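The values are calculated or read from the model by the stated rules, or taken from the named source; none is laboratory data. The model shown is predicted, which means the values in this text are computed figures rather than measured ones. When we count neighbours, we look across all protein chains shown, and the Cβ atoms used for this are built from the backbone with ideal geometry, even at glycine. With ligands, DNA and RNA removed, areas are computed over all heavy atoms of the protein, side chains included. Shrake-Rupley method; radii C 1.70, N 1.55, O 1.52, S 1.80 Å.
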Amino acid sequence: MGFLHIYCGEGKGKTTAALGLALRAAGAGKTVRIIQLLKGTNTSELESLRMIPNITVTRCDKNYGFVNKMTEADKAEITACHNRLLSEGYALVRNGAVDMLIIDEFNAAYDYNLFDRKTAEEFLSRREFPTEVVITGRNPADFFLNIADYISEVKCVKHPYEKGVSARKGIEY
């Protein structure tokens, strides 16, 4: 049986930690699928990940921006996209086609109800498969905290954003 990993917290580095685990798995010859929810802009890590044959990243084709700026039509579109991506990921796991499934920003998308929550809960609670599953994002629901095998919390002690420094390419994105 595979384990459920959660990278959560208010600090910077949840996605980075999950991607580090993906690199480790790929280096061991394992296949990794990364599903990025709520992310549509081209970030620097995508360039590196494209060079690694055992890692595939999927995400929505459109950048919807922050949830609080989305229209109801945007929310409907992104929900449909997320449901499609997650269904594909669940199928890969059920078919034994991947060794690791990372669902980036799962917790935020779950919190905002931007995918089928019941299906996700059922999928993650059964875990009758050998695939390692990793979810990231702030404020995971108690349901997932209770069923997780690993929980790593990233705490923000200090961040340049607090001094007005904008996100920097190659560091924050």
Q: Inspect all residues belonging to the range 70-92 and state whether any of them is exposed (fewer than 13 other Cβ atoms within 10 Å of the Cβ) and on the phi > 0 side of the Ramachandran plot.
A: no
Q) Can we say residue 145 is among the aliphatic types (A, V, I, L, M) and not in a helix (DSSP H, G or I)? A) no
Q.
Step by step: first the residues of the range 125-173, then only those that are of a type in the set (A, V, I, L, M), more than 17 Å from residue 21 (Cβ to Cβ) and modelled with pLDDT of 85 or more, then the one that is most open to solvent (accessible area, probe 1.4 Å). Which residue is that?
A. 157
Q. Across the range 96-112, what is the total count of residues that are in a helix (DSSP H, G or I), crowded, with 19+ Cβ neighbours inside 10 Å and not hydroxyl-bearing (Ser, Thr, Tyr)?
A. 3
**Q.** In the range 118-166, residue nearest to residue 94 (Cα to Cα) [restricted to those that are β-branched (Val, Ile, Thr) and touching a strand residue (DSSP E or B) at 6+ places or on another chain (Cβ under 9 Å)]
**A.** 131
**Q.** Among the residues listed as 118, 169, the single one being basic (Lys, Arg) and more than 28 Å from residue 47 (Cα to Cα)
**A.** 118
Q: Test each condition in (1) in contact with an Asp or Glu (Cβ under 8 Å, 6 or more places away or on another chain); (2) assigned to a helix (DSSP H, G or I) for residue 156 and report the one that comes out false.
A: (2)
Q) Given the conditions (1) over 17 Å from the mean Cα position of the chain (by Cα); (2) more than 23 Å from residue 145 (Cα to Cα); (3) charged (D, E, K, R), which single one is not true for residue 94? A) (2)
Q) How many residues does the range 30-80 contain that are small (Gly, Ala, Ser) and within 19 Å of residue 15 (Cα to Cα)? A) 4
**Q.** Test: residue 115 is touching a strand residue (DSSP E or B) at 6+ places or on another chain (Cβ under 9 Å), open to solvent by less than 40 Å² (accessible area, probe 1.4 Å) and either under 14 Å from residue 6 (Cα atoms) or of a type outside the set (Val, Ile, Thr) (or both)
**A.** no
Q) Of these, 63, 42, 54, which one is of a type outside the set (A, V, I, L, M, F, W, C), open to solvent by less than 60 Å² (accessible area, probe 1.4 Å) and closer than 27 Å to residue 169 by Cα? A) 54
